[in-house]
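Q: Sharing a structure, written as C-alpha cells. Questions coming.
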Amino acid sequence: MKARAFQAPVAIVLAGLWGAALTWGNGPSGMRLLDRFEATLTDLRVLARGTRLPPDAVTIVAIDDQVVREQGSYPLPRAALARIIEQIAQLKPRVIAVDLLLVDRSTPEDDAALARALGNTNAVIAAAAIFAESRQRLAADGDGPLARLPTAARFLLPLKDFTDQAGVGVVNVTTDQTGIPRSIPLLFRTADAVLVSLPLRTAAAAARQDPSIAPNDFVLSGPDVPTDVGHLLPISFYGPHGTIPTVGASAALDGTLARHDIEDRAVVIGVTATGGGDFSRRRSIR
C-alpha cells in the first residue's frame, strides 16, 4: 500500500520535470537541450552501425584541388564547367546535378557555352534560400501539406540563361548548434513561391517522374518515405568521405572518365577544393 501511495506523487514529479525540460530546452532561451541529446544519440547510433554500402546509383564528380591547379583559378571558368558537363553527358547519366550557385555573369561566350551544355542533358542546378534570421522556428500555418515549411525571405536563383535550360533545387540543409548537417528540408517557401530541394529535384529527374508529397511523407518510384515536421528528411550518413564513388573533375576534362562510373547514374558535380564549397547561408531550422 505504501508503494502505491508514492506512485502518483512520483509520476507527477517526473511529468513536471519532463515538462520543465521541454520548456527549458526548446523555449525562448534557445538552449535546445533536447536537440543536443538527440544529436549525441544520433552520432552514437551511426558509429555503432558503422559504414554502410550506398546504393550503386550515384557518382560524385569533384571539383578538387587538382582541377583548380590545372585551370588556374577557383571558381572554375564557365567554359571549363561546360566541358565537364558535356563530357559527363556523353556517357549517358540519368541526371547531372550541379551543386554550384551560378548566380553571377561570366563572359557572354562562356555563359552561352554553359547554357548549351545544360540544355543538352537532363540537368538540375542549385538555388539557395536566404533567411532573415540565423534560426527559424517552424510554426503551423494551417493543416495542409505545405504547413510548417521553412519560410525564406527570398530565393537566390541561378541566372535565367541557366534556369531556362535546367531544373532548379534548393541546396540549404539544417544543422545543429555545432554546424553538423542533420536534415534536409524537401520543400522551401517564400511569401509567393515554393521550391523543391536539390536532392529531391535530382531524384525526381533521375526517376523521370514528379514526387507525390503528403503532410508526413512523400512517394517517388517506391514505398512511402516518412518525413519529420516541416518535410524534413533526417540525414543518416553512409560513412566517411569517399564512401560514395568519387572521381576528380580532371578526368572529365582529359577524357578519362570511366563509363561505368557515369552511365545510368545520378552524377553530382560538387566542390571539394580547399577553401571552396557552397557559401550559401545555411540556417538552423527548429
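Q: With only Lys, Arg, Asp and Glu charged, each at its Cβ (+1 for the first two, -1 for the last two), find how big the charge dipole of the range 58-285 is about the Cα centre; round to the nearest 20 debye.
A: It comes to approximately 240 debye.
Q: Give me, ordered by chain and number, the residues 5 or more places off T246 or on other chains with an amide H under 5 Å from its own placed amide H.
A: Those qualifying (amide H under 5 Å, at least 5 residues apart or on another chain) are I60.
Q: Okay, moving on. Taking amide H atoms as placed 1.01 Å from N in the peptide plane, list the residues 5 or more away in sequence, or in a different chain, whose amide H sits under 5 Å from that of F131.
A: Under 5 Å from the amide H of F131 lie the amide H atoms of A153, each far enough along the sequence or on another chain.
Values in this text are rule-based calculations from the coordinates and carry no lab data. Small disclaimer: the values here were computed from a predicted structure and weren't measured. Every residue, glycine as well, gets a Cβ built from its backbone with ideal geometry; the counts of neighbours run over all protein chains shown.
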